[in-house]
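Peer 1: What follows is a structure written as C-alpha cells; I'll ask about it next.
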Amino acid sequence: METAKIKSELKTAVDLYNMPDHGGRYELVQGEIVPMSPASTKHGMIVFRLAFEIGLFTSENKLGEVYAAETGFTIQQNPDTVRAPDVAFVAQSRIPEEGVPETGFWAIAPDLVAEVVSPNDRMTEIQDKTTDYLAAGVRLVWVVDPKTETVTVYQSLKQVKVLVAEDVLEGEDVLPGFELALKKLFS
C-alpha cells in the first residue's frame, strides 16, 4: 500500500526569517524548509580560510562585501528559495547606497558563492544548490571538496573546470586579481 505524501503549505523567506531562531541551520527550497546539520571541524576550518582570503582581498581592493556561512540570500521568489552559502561575495557596485538590509534575507544573488562539501552532503544536494545559484544569476560558484582536495569552478553549467591541490584558484572576472594556492586552503 502506497503512503500518500502530505504536502505542507509553502513557506516564504519571511516565514523562515521569523522562525524562533531566525531560520538558523535551515534553508528554504521552493517553499519547503530544509534542515542543515552543523558543519564538521575541517569544514569550518576551510570555510574560514577561504572567507578570510576573499575578505582580505576584497577589503584591500574595495571590491564589495563578503558574507560568512549561514547568511541567507533569497535567490528565488514565488515559491521562495533562501540559500545560505558557506561564503558569498557581493560586488560593491550592486550594494545600494543605503547599505545592506539589517533584517531578513537579502533578495539578491551574490556574485560569488563557495560551498564546502561536508562528509554528510550528498552530491545531488550540492548539484541542486549549484544549479539554483547559477539560475539565480550567481556569476561564479566554487564547490570545494576537502576529501578530494579539489575545487570545481562553475561560471555556468557549461563552463566548468576542476582544480586540484597543486592548482591556483582565481577570481576570474568576479574578483579580478584574486589568487589562492589550493595547498594553502587544504593544508
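The values are calculated or read from the model by the stated rules, or taken from the named source; none is laboratory data. Computed from a predicted structure; not experimentally measured. Cβ atoms come from the backbone with ideal geometry, glycine included; neighbour counts cover every protein chain shown. These accessible areas exclude ligands, DNA and RNA; they are computed on the full protein's heavy atoms, side chains included. Shrake-Rupley method; radii C 1.70, N 1.55, O 1.52, S 1.80 Å.
Peer 1: Please verify whether Arg25 is closer than 19 Å to Asp121 by Cα, open to solvent by 50 Å² or more (accessible area, probe 1.4 Å) and among the charged types (D, E, K, R), treating the condition exactly as stated.
Peer 2: So Arg25 passes the test.
Peer 1: Restricting attention to region 156-187, and to residues there that are touching a strand residue (DSSP E or B) at 6+ places or on another chain (Cβ under 6 Å) and either among the small types (Gly, Ala, Ser) or assigned to a loop (DSSP other than H, G, I, E, B) (or both), which single residue is surrounded by the most Cβ atoms within 10 Å (Cβ to Cβ)?
Peer 2: This residue is Val174.
Peer 1: Next up: In this structure, does Val87 turn out to be in contact with a Lys or Arg (Cβ under 9 Å, 6 or more places away or on another chain), under 17 Å from Ile54 (Cβ atoms) and modelled with pLDDT of 95 or more?
Peer 2: Answer is no for this residue.
Peer 1: Which of the strands (runs of 3 or more DSSP E) contained wholly in region 58-119 include at least 1 residues that are of a type in the set (A, V, I, L, M, F, W, C), closer than 22 Å to Leu16 by Cβ and touching a strand residue (DSSP E or B) at 6+ places or on another chain (Cβ under 8 Å)?
Peer 2: Once the strands (runs of 3 or more DSSP E) in region 58-119 are filtered for at least 1 residues that are of a type in the set (A, V, I, L, M, F, W, C), closer than 22 Å to Leu16 by Cβ and touching a strand residue (DSSP E or B) at 6+ places or on another chain (Cβ under 8 Å), what remains is 73-76, 81-83, 87-91, 112-116.
Peer 1: Starting from region 154-179, take each residue that is more than 26 Å from Gln92 (Cα to Cα) and list its partners that are open to solvent by less than 60 Å² (accessible area, probe 1.4 Å) and aliphatic (A, V, I, L, M), counting only C-beta distances under 7 angstrom and pairs at least six apart or across chains.
Peer 2: That search, which allows pairs on different chains as well, returns Lys161/Val153; Leu163/Val151; Leu163/Val153; Leu163/Leu169; Leu163/Leu182; Ala165/Leu182; Asp167/Leu182.
Peer 1: Tell me the residue from Thr81, Thr58 that is surrounded by 14 or more Cβ atoms within 10 Å (Cβ to Cβ), within 14 Å of the chain's Cα centre (by Cα) and polar (S, T, N, Q), please.
Peer 2: The unique qualifying residue is Thr81.
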